[in-house]
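Single-structure report; data block below.
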Amino acid sequence: EPEVTQTPSHQVTQMGQEVILRCVPISNHLYFYWYRQILGQKVEFLVSFYNNEISEKSEIFDDQFSVERPDGSNFTLKIRSTKLEDSAMYFCATLLATGELFFGEGSRLTVL
Amino acid sequence: SQQGEEDPQALSIQEGENATMNCSYKTSINNLQWYRQNSGRGLVHLILIRSNEREKHSGRLRVTLDTSKKSSSLLITASRAADTASYFCAAVNRDDKIIFGKGTRLHILP
């Protein structure tokens, strides 16, 4: 059974602080995505990551955001200086060979 | 450009009835997918329909795709209380960029 694991499940931070959200995607796959969902709203594309490089990024993914795959397993999303409007659920997903996305359960970020 | 816009935004029906949700998109797609999200949880893939397909079934789910109208519909037949969730369509372009719509909140009334 495939699994995408995201940590932390919930993080509360002060505005201006750095946050790192972690994801362990499904192994032996090359294409990963980060999405965010502000409460009750649409699921917004942030960035796709293919073969250890950013493949595409949205307008939301500005200089405050970065992604890394530091050790070949973890896939991280860093927000350098959080803003109130960064409060959202952040979802990591792996693209399967079938073309479908397999999502983690998300990390809820609350910026105070 | 925005892709995958569902309507209605919210739908309440009686258990046992059929639920139909629609999705429109703006650019060329490779495939279109539907996902389900229970409150506060991750998205779960339901069904994928390729751009050269017109209809696809999976259990109580039926998806249609009309590429000339850039629209898709998801039909859930014989709805159950457990079908209560948000449903999202996702348009996938040829570069594997996957863009979700705003979703339809479906509520099944007992």
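Structural remarks
- Descending principal axes extents, the range B:5-109, alpha-carbon based, whole Å: 39, 27, 21
- For the range B:29-41, backbone phi angles converted through the Karplus equation (6.51, -1.76, 1.60; θ = phi - 60°) give residue-by-residue couplings of 10, 8, 7, 10, 10, 10, 10, 10, 9, 7, 3, x, 10 Hz, Gly and Pro being listed as x.
- Candidates A:LYS42, A:LYS78, A:LYS57, ranked by Gaussian network fluctuation over chain A, Cα under 10 Å, top entry: A:LYS42
- Rounded if a/c under 1.5, otherwise prolate or oblate - the protein assembly as shown, Cα gyration tensor axes: prolate
- Using the empirical formula 2.2 N^0.38 Å as the baseline, the Cα radius of gyration of the range A:5-97 reaches a ratio of 1.03.
- Pairs over the 24 Å Cα-Cα cut-off, from the set A:LYS83/B:LYS97; A:LYS57/B:LYS69; A:LYS42/A:LYS83; A:LYS78/B:LYS70: A:LYS83/B:LYS97; A:LYS57/B:LYS69; A:LYS78/B:LYS70.
- Computed from backbone phi, the HN-Hα couplings of the range B:87-97 come to 10, 10, 9, 9, 8, 10, 8, 6, 9, 6, 7 Hz, rounded to whole numbers (Karplus: 6.51 cos²θ - 1.76 cosθ + 1.60, θ = phi - 60°; Gly and Pro given as x).
- Amide H contacts for B:GLY103 (H built 1.01 Å from N in the peptide plane; partners 5 or more residues away or on another chain; cut-off under 5 Å): B:GLU6, B:CYS89.
- Chains A and B, summed buried accessible surface - 1.4 Å probe, Å², nearest 100: 1700
- Long-range Cα-Cα pairs in the range B:20-79 (distance over 18 Å), rounded percent: 34
- For the range A:26-72, alpha-carbon Rg and Dmax in angstrom: 11.7, 34
- Placing unit charges on the Cβ atoms of the charged side chains and taking the dipole of chain A about its Cα centre, the candidate lying farthest along the positive direction among A:GLY40, A:CYS92, A:ILE60 is A:GLY40.
- Averaging the sequence gap over all C-alpha pairs within less than 8 Å and six or more residues apart, then dividing by the number of residues, gives the range B:1-67 a relative contact order of 21 percent.
- FRET efficiency for A:GLU56 and B:GLU17, using Cβ-Cβ distance with R0 set to 41 Å, rounded to 0.05: 0.55
The values are calculated or read from the model by the stated rules, or taken from the named source; none is laboratory data. Remember, it's a predicted structure, so these values are computed and weren't measured experimentally. Neighbour counts run over all protein chains shown; Cβ positions are idealised from the backbone, glycine included. Side chains included, ligands, DNA and RNA excluded: accessible areas come from the protein's heavy atoms. Shrake-Rupley method; radii C 1.70, N 1.55, O 1.52, S 1.80 Å.
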